[in-house]
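Visitor: Before anything else, here's the structure in question.
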Amino acid sequence: MVSPTFTRLLTAMILMVGLIPTARALSQLEASVDQNPVVAGQSFILEVVADDDIDSNELDTSALLRDFAVGQTRVSRSTQIINFDARRETRWTVMLIAREPGSATIPALDINGVRSQPITLTVLATDDPKVEAQSPLVYLETDLDTPTLWLGQPVKATVRLFLGADLQRGALNAPTADNALIRQLGQDRESSQIVNGRRYRIIERDYVIVPQTTGQLRLQPANFEGDVLVPTGRRDLFGRAQPRPMAIQGEPINLTIKPRPASYQGDWLAADLVTLSDSLDEQSEYQVGQPITRTLTLTAVGAVEESLAEISVVVPDALRIYPDKAQRQSGVQNGQLIARLEQTMAIVPAQPGTYILPEIKVPWWNARLGRQQWATLPAKTLTITGSAPAPVIEANLPDTAPQPQVVIEEVSRPGFWPWLTALFALLWLMTLAWGWRRGQRSANQPPESASTAPTTSSLKPLLKACQRNDVEATLALLPEWASEREGEPLSLAQIAERYPGLATHLQTLQRSQYSARTAAWSGKDLEQAIRTLGEKAKDAQDNALPPLNPPTRIKV
């Protein structure tokens, strides 16, 4: 049995369903713009309203691309019920930018056979007197240092965004080009200014443009796209102004790029001014083995860091040079582009004497005068005192296994001769027996491992220094070990020539000791290379054939 309460609820639901208004089909499509005339390069809003709930993809705006740049499109829907009559609405807000001054037409738009009315627009140029007399809400300005450049010479472009309304969100995009390097320089700057009675918030940004080809170069202008809060009759639930999408394009940038002159010599560098400085101390007298730190600084006004090539430095053979990686940087000082290269090196004298560091010349092209010049450092004289490392003198030691010497005396009587002959014969037989037994022991004895190979007195301390990563001890023990091994005095340079397998490790070791920017050194690789040399020497000894008959020399 159905309860009365359930019956009343069911009846109410049926009545409510009967009161729900039925949806109406699309019957009207309206298009309108927020301004006419419009300005070329400045955005305006096209609104398209359909009197039904329509899918957002139903509106096709491809017909607008002929005369306009189409920006972001927003879609909103609303439903109103008045006296049980439901009215649904779909609204498209399309941001457009007219490409060229003159007359332009927004064609009729079609959705499911329902068409809007076309709209004819008057497009004004930015320099039109009517436009200049007005104060636009948002606009861009671009300043260029110079429109004529040499290949690879940078130019600074300053873009200023003028905002006459509060900004809710936005993005300022850099100029673009296929044959130029473009990057932002420094941070944005903000200020305010009153122009034609309207106060603007100004956002200023610098870009550096480096052309990569010669001839005429046209860059697409900088542009801004975002939402600004414009006071209108439409407000949100809290009474705030509604955001309005807006896009602005600046003026295109045209550059003339001149090629590198055929008469130019050296690495190409186009700049307004180039200087070269040296940090070498005024002191001109140094000790043998004392590291001399030298920093060369190349500064170019009106250039970027990528255009600065490393400086070629030559020193006499008695001076060893250990260069660090060159450091580059660039920035803006007093409104000018400044690029700087710092090249630091350590010079270690190996022999006493007087040496001349040759003159250094860096070629560059004076972009203002149109001629080649050189940044020059004069030659410098260094006096090296002290003494070279003392060579290891090999002492003439007596033979460790002296041979027996026999003295034969002439006697008139043969009394001692038979006894002496018998003694020599016995000694000879004993020598043969000793040699045979020694050969048998050598054949039965297992070969020694690499760790028991013959070593020099300085080998173990050298290996321990490598294990401790002790740079100074390793540098001191290397010549001693090599000299003992070879039986003649050897320097570090001669060690690298005598043992090519150690050359790379020696260079890394010396760079860590003498370089101005020291880094942690690991002796593991050098230790392994030295042990490998010992293993090769032991293999050579094991492979040598012993003599068939031990030599026995008898001096008569």
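The values are calculated or read from the model by the stated rules, or taken from the named source; none is laboratory data. Because the structure is a prediction, the values reported are computed rather than measured. Because the Cβ atoms are built from the backbone with ideal geometry, glycine has one as well, and the counts that use them run over all protein chains shown.
Visitor: Which pairs turn up if I take residues in the range 110-125 that are closer than 17 Å to Q42 by Cα and modelled with pLDDT under 85 and look for partners that are surrounded by 14 or more Cβ atoms within 10 Å (Cβ to Cβ) and not aliphatic (A, V, I, L, M) with beta carbon separation below 6 Å, at least 6 apart in sequence or on another chain?
Guide: Listed pairs, sorted by first residue: A125/P101.
Visitor: Still on this model: Taking the residues in the range 454-470 that are surrounded by fewer than 19 Cβ atoms within 10 Å (Cβ to Cβ) and part of a helix (DSSP H, G or I) as candidates, determine which candidate is nearest to the chain's Cα centre (by Cα).
Guide: Q467
Visitor: Right, here's the next one. Kindly evaluate D206 against the criterion of being surrounded by fewer than 14 Cβ atoms within 10 Å (Cβ to Cβ), in a strand (DSSP E or B) and among the acidic types (D, E).
Guide: Numbers: surrounded by fewer than 14 Cβ atoms within 10 Å (Cβ to Cβ): no; in a strand (DSSP E or B): yes; among the acidic types (D, E): yes.
No, not satisfied.
Visitor: Then there's this: Answer yes if at least one residue in the range 282-298 is more than 30 Å from the chain's Cα centre (by Cα), in a loop (DSSP other than H, G, I, E, B) and aromatic (F, W, Y), and no otherwise.
Guide: Keep residues of the range 282-298 that are more than 30 Å from the chain's Cα centre (by Cα), which gives 282-290.
Narrowing the set further to residues that are in a loop (DSSP other than H, G, I, E, B) leaves 282-284, 288-290.
Retained after the next criterion (residues that are aromatic (F, W, Y)): none.
Checking the range 282-298: not a single residue is more than 30 Å from the chain's Cα centre (by Cα), in a loop (DSSP other than H, G, I, E, B) and aromatic (F, W, Y).
Visitor: Given the criteria exposed (fewer than 13 other Cβ atoms within 10 Å of the Cβ) and in contact with a Lys or Arg (Cβ under 7 Å, 6 or more places away or on another chain), does D178 qualify? So that I can check it myself, show each step before the final result.
Guide: Values: exposed (fewer than 13 other Cβ atoms within 10 Å of the Cβ): yes; in contact with a Lys or Arg (Cβ under 7 Å, 6 or more places away or on another chain): no.
No: the conditions fail for D178.
Visitor: Taking the range 182-212 only, how many residues are within 19 Å of the chain's Cα centre (by Cα) and without any contact (Cβ under 8 Å) to a residue 40 or more places away in the chain?
Guide: Matching residues across the range 182-212 total 3.
Visitor: Exactly one of these conditions fails for D85: (1) at pLDDT 80 or above; (2) of a type in the set (D, E); (3) more than 17 Å from A104 (Cα to Cα). Give me its number.
Guide: Just one mismatch for D85, condition (1).
Visitor: Answer with yes or no whether T73 is polar (S, T, N, Q), in contact with a strand residue (DSSP E or B) (Cβ under 8 Å, 6 or more places away or on another chain), modelled with pLDDT under 85 and closer than 15 Å to A108 by Cβ.
Guide: So T73 does not fit the description; no.
Visitor: Just one of the numbered conditions (1) surrounded by 14 or more Cβ atoms within 10 Å (Cβ to Cβ); (2) at pLDDT 85 or above is not true of A262; which one?
Guide: (1)
Visitor: Here's another thing I want to ask about it. Could you check how many residues of the range 338-382 are exposed (fewer than 13 other Cβ atoms within 10 Å of the Cβ) and aliphatic (A, V, I, L, M)?
Guide: Residues that pass the stated criteria total 3.
Visitor: Could you grab the pairs with beta carbons closer than 9 Å, sequence gap of 6+ or different chains, first residue in the range 164-176 and hydroxyl-bearing (S, T, Y), second one modelled with pLDDT of 90 or more?
Guide: Going by the 9 Å Cβ cut-off, the qualifying pairs are T176/I182; T176/L219; T176/A222.
Visitor: I've got another one for you. Are there strands (runs of 3 or more DSSP E) fully within the range 339-387 with at least 3 residues that are assigned by TED's automatic domain parsing to the domain that holds R294 and under 28 Å from the mean Cα position of the chain (by Cα)? List them.
Guide: 360-366
Visitor: Given the options G487, G534, name the one that is at pLDDT below 80 and of a type outside the set (D, E, K, R).
Guide: Exactly one of G487, G534 is at pLDDT below 80 and of a type outside the set (D, E, K, R), namely G534.
Visitor: Another one. Can you tell me which residues in the range 478-500 are within 15 Å of A529 (Cα to Cα), touching a Leu at 6+ places or on another chain (Cβ under 7 Å) and assigned to a helix (DSSP H, G or I)?
Guide: L478, W481, A482, I495, A496, R498 - these are the residues of the range 478-500 that are within 15 Å of A529 (Cα to Cα), touching a Leu at 6+ places or on another chain (Cβ under 7 Å) and assigned to a helix (DSSP H, G or I).
Visitor: Working only within the range 181-199, note down all residues that are loosely packed, with under 12 Cβ neighbours inside 10 Å and among the aliphatic types (A, V, I, L, M).
Guide: I194
Visitor: Follow-up. Scan (1) buried (at least 16 other Cβ atoms within 10 Å of the Cβ); (2) farther than 21 Å from K380 by Cα for the single condition G335 breaks and write down its number.
Guide: (1)
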